Each structure stands twice: as structure tokens, then as C-alpha cells.
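One structure is given here, and the rest of the page talks about it.
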Amino acid sequence: MAFAWQMLYLPAVLLMVVLTGIMLIRAVQGPGTTDRILAVNMISTMVICIILLLSRLLDETWLLDVAMIYAMVSIVTITMLASLYVKRAVRSDSSDDAAAEEIKAEVVTAEEKNPDKEQPDPAGKEVMGGNEK
Amino acid sequence: MMEYFRFGIAAFFLLAGLFCFISSVAGNLRFGFVMDRMHSAGVGDTLGLLCVVLSLAAAFGFRMATLKLLLVLVFLWLGSPVTTHFLSQVEVFNNSRLTEHLRDQRAQGDRQNGPEAQTAGNAQAAETGHAAGTEAADAARSGGEDQNDAYYNGNH
């Protein structure tokens, strides 16, 4: 019967490992930051699943504690990555945003008054970088 | 006898969980837009993990290990929606053509399945006598893929 349990969980672990490797394709290819962070998130979740399955295969209960801690680590990691990659400049296309309208009007009036002088940057676009690639 | 029963439950839930993870990865690789990929990732985080944890709970039996398993599940279920929300914030704040892209997708869907497409399809079926609107649907579908590529090419 023990052999039956092993035959059940060993192919499952191998399949999950293959799926995790496939997610690396999206992590490398994904055209964009969000795709890559999402791929890392999915890899973390699948690694947690692998650790849980291994704890049954090897009959070690401390691996469940490892999985618990890794779950917490992955949640904090993705939160920090997301907060680092958010660009908090004013969006240049937000036509229905009142603050953006005000700032655009300010810049336009400043340009009309002094067309030759260097214009002030009330939105901090040069500092924050706007929506660069 | 009881062990066979536990084995049966564990096997059933394990296969269901693996199927959920396979569909989650397949969806991530096949969709062209990152919001759709996030939607597909959620399947693995919720249903896939639930099935795998239930299978392992049946395998362990009534021990302390089962409670630890359920605690892992609770942590991931509490944290995964938060991370998904943050990732969607990253996408919304980082690109300037999101509303444009969604509007185009909506227009494309209306063109494919809206009232004009259906009346045109009925007229075509009356004329030619076979299933309606296949060429138009193919053209619109390939137009959708071009939209996804343009969304990424202009943005990232």
C-alpha cells in the first residue's frame, strides 16, 4: 500500500516541476513588467504545492512549516515588487481626471506667458519620468 | 478498507488539482493580455491548491499535519487576492493605453457578436445556405490578436 501512495504522488511532483519550468517561458518572454511578476507569483505558488506533495512523499512533517513560511514570503515579495514597479506620475492620457486637467491647464498657461523660458514642471514629470518604456 | 477509501479520495482530488494547475499554466501561456493571464492564474491559486490540500489531508489522516496543511491553505487564500490586486494596480498605473485597448476589445466583440453581425450573418445564411459569418469572424479574431500585439509594442 505504501508503494501505491508513492506511485500516486511521485508523478504528481514531476508534473508540477514540469509546469513550473514552463512558467519560466512566460517569465522570460512576457512582454511587460506585470507579466513577469505574475509568472514569479505563479512559480511561487506551484513551488509551495511541490513542497506540500514532497512532505507526503518523504514522510517529513517539518516541510509543511517550510511551505507555510514560504507562502508568507511569497506574498510579501509580490507586494513589494508591485509597489516598486508602480509609476506614480500623472498619467498623460487621463482625460477624465480633474487633477490632470488642472495640471495641464497650468502648464499651458505658463507656456503661453513665457514661450521662450524653460517651463516649470508642476507634475514633476521630468523627475518621475511619466510613462517611459 | 478505510485505507482504500482514503486512497480513492486522495487520488481523485489530486487529479482534479493537477488538472487545475495545468489549465492555469495553459491559460497563462495562451492569453494575449495580462489581465486575462491574471484571471487564469487565480484558478491555480484557489481551486488547484484546494484540491491538492484536500488530497494531502486525506493522505495524512487525522493528525497535526492536517491542521498545518489547512493553515497553509488559509495563508494563501488570504494573500493571493491581495497580490492579484496589487499586480492589477501595477498594470493600470504603468501603461497609458489601457482604456483604449479595452474600448477596442469591446468594439471588436460588438462587431463579432453584436446586432449588425447577427443580421448580416442571417442574410449571408439565407443567400449561401451555410453557417453564417465565418470569414468575418476569422478576420475579427485576427484583428483582436493584432490589437494585443499593438498594445504591447506601443507600451513596454
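Bear in mind that the values in this text are calculations on the coordinates, not laboratory data. In this text the structure is predicted, and so the values were computed from the model without any measurement. We place every Cβ from the backbone using ideal geometry, glycine too, and count neighbours over all the protein chains shown.
For this structure, a couple of remarks:
- On the basis of the beta-carbon distance and an R0 of 25 Å, residue B:110 and residue B:29 show a calculated FRET efficiency of 0.35.
- For B:6-18, mean number of other protein chain Cβ atoms within 10 Å: 2
- Inter-chain Cβ neighbour count for B:91-99, averaged per residue, equals 6 (cutoff 10 Å, partner chain atoms only).
- Which of B:101, B:85 has the fewest Cβ neighbours within 10 Å, and the rest in rising order: B:85, B:101
- Ranked by the mean number of other Cβ atoms within 10 Å per residue, highest first, peptides B:65-73, A:59-67 order as B:65-73, A:59-67.
- Cleavage-rule hits (chymotrypsin sites (Phe, Trp or Tyr not before Pro)) in segment B:1-96: DSSP loop, at most 13 neighbouring Cβ within 10 angstrom: B:62
- Segment A:1-89: C-alpha gyration tensor shape, a/c 1.5 cut-off, then a/b vs b/c: oblate
- Shielding score for B:75-83, defined as the mean number of other chain Cβ atoms within 10 Å: 6
- Computed log₁₀ I(q)/I(0) - Debye formula, equal Cα scatterers, no solvent, segment B:39-115, q 0.16, 0.19, 0.22 Å⁻¹: -0.74, -0.86, -0.98
- Each label was represented as a point 7 Å from its Cα along the Cα-to-Cβ direction; for residue B:5 and residue A:1 these points are 1.3 nm apart.
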